[in-house]
1. Tell me the residue from A195, A167, A214 that is in contact with a helix residue (DSSP H, G or I) (Cβ under 9 Å, 6 or more places away or on another chain), among the aliphatic types (A, V, I, L, M) and surrounded by 22 or more Cβ atoms within 10 Å (Cβ to Cβ), please.
2. Taking interchain pairs and intrachain pairs at least six residues apart, which have beta carbon atoms under 6 angstrom, with the first residue in segment 81-104 and on the phi > 0 side of the Ramachandran plot and the second small (G, A, S) and surrounded by 14 or more Cβ atoms within 10 Å (Cβ to Cβ)?
3. From N173, N218, which residue is under 28 Å from the mean Cα position of the chain (by Cα) and among the polar types (S, T, N, Q)?
4. Going by the conditions given, is I139 surrounded by fewer than 16 Cβ atoms within 10 Å (Cβ to Cβ), of a type in the set (A, V, I, L, M, F, W, C) and without any contact (Cβ under 8 Å) to a residue 60 or more places away in the chain?
5. Please go through segment 165-184 and give me each residue that is in a helix (DSSP H, G or I) and under 12 Å from G140 (Cα atoms), ordered by number.
6. Please verify whether segment 93-110 includes one or more residues that are more than 19 Å from the chain's Cα centre (by Cα) and of a type in the set (F, W, Y).
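Read-outs throughout are calculated quantities, based only on the coordinates presented, and are distinct from any laboratory measurement. Given the structure is predicted, the values throughout are model-derived calculations rather than measurements. Virtual Cβ from ideal backbone geometry, glycine too; neighbours counted across all protein chains shown.
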Amino acid sequence: MAKEKKSSGDQRLESIQSGLSRTEAFIEKNQKVIFYIVGGIALIILGIWGYNRFILQPKIERAESEMYMAQMYYEMDSLNLALNGDGMHLGFLDIVDEFGGTPSGNIAHYYIGMIYLKQGLFEDAIDELEQFDSDDEIIGPMATGCIGDAYVELGDFQTALEYYLQAADQAVNDFTTPMYLMRAAWIHEDLGEWAEALELYERIKTEHWRSFEAREINKYIERAQYMINS
């Protein structure tokens, strides 16, 4: 029995040694190819690091610096200067063109969309806001909700409703969620869908009772109930 175990162990050892020998032979035979592969991978890693360190990061920092004046003009309601720049500082349109792919380039789409919305350029506003991407629980839903606002101005209430509902559930909180639930409910009212409006009003009352919208929600609930029963 012991001899059988020893024999089995020897066979496994020989198999391992044989496998190692084949591996060594493969490496020796293909060492140039392996060298080029490893070297290529190293160059790719080094290239990515170099790009991030010497190109992307300075670009991000410059974009953030250029954004400052455009944001200042936006806060001052100097929308054309915010959009197009003042000759010394870039506007949001230039920031998108020169710094696309950076966080500043992304947020510039939001500002451009908001400016177009204020200027009554609703289709352009939709295009810009749809290019904006954010995980922020306030700015993200507000961008989505503003697309809904633009569709309301264009008279497309059904699409506006879809965006309001999307904005309401995009990041549930007591600020943006009841705001866009309320706007969605108003759309339902305009479409004569009082039961659907009532459902949203009751959701505001029960789930977001601390919100601003909840302060007068009972009158909206009563109106919807009256219209359903009339």
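1. Details: A195 fails: surrounded by 22 or more Cβ atoms within 10 Å (Cβ to Cβ); A214 fails: surrounded by 22 or more Cβ atoms within 10 Å (Cβ to Cβ).
Result of the check over A195, A167, A214: A167.
2. G85/G91
3. On the way: N218 fails: under 28 Å from the mean Cα position of the chain (by Cα).
Only one candidate passes the filter, namely N173.
4. Working: surrounded by fewer than 16 Cβ atoms within 10 Å (Cβ to Cβ): yes; of a type in the set (A, V, I, L, M, F, W, C): yes; without any contact (Cβ under 8 Å) to a residue 60 or more places away in the chain: yes.
In short, yes.
5. Initially, segment 165-184 is screened for residues in a helix (DSSP H, G or I), giving 165-170, 176-184.
Q166, A167, A168, D169, Q170, T176, T177, listed by residue number.
6. At the first step, the residues of segment 93-110 found to be more than 19 Å from the chain's Cα centre (by Cα) are 93-94, 97-98.
From what's left, of a type in the set (F, W, Y): none.
No.
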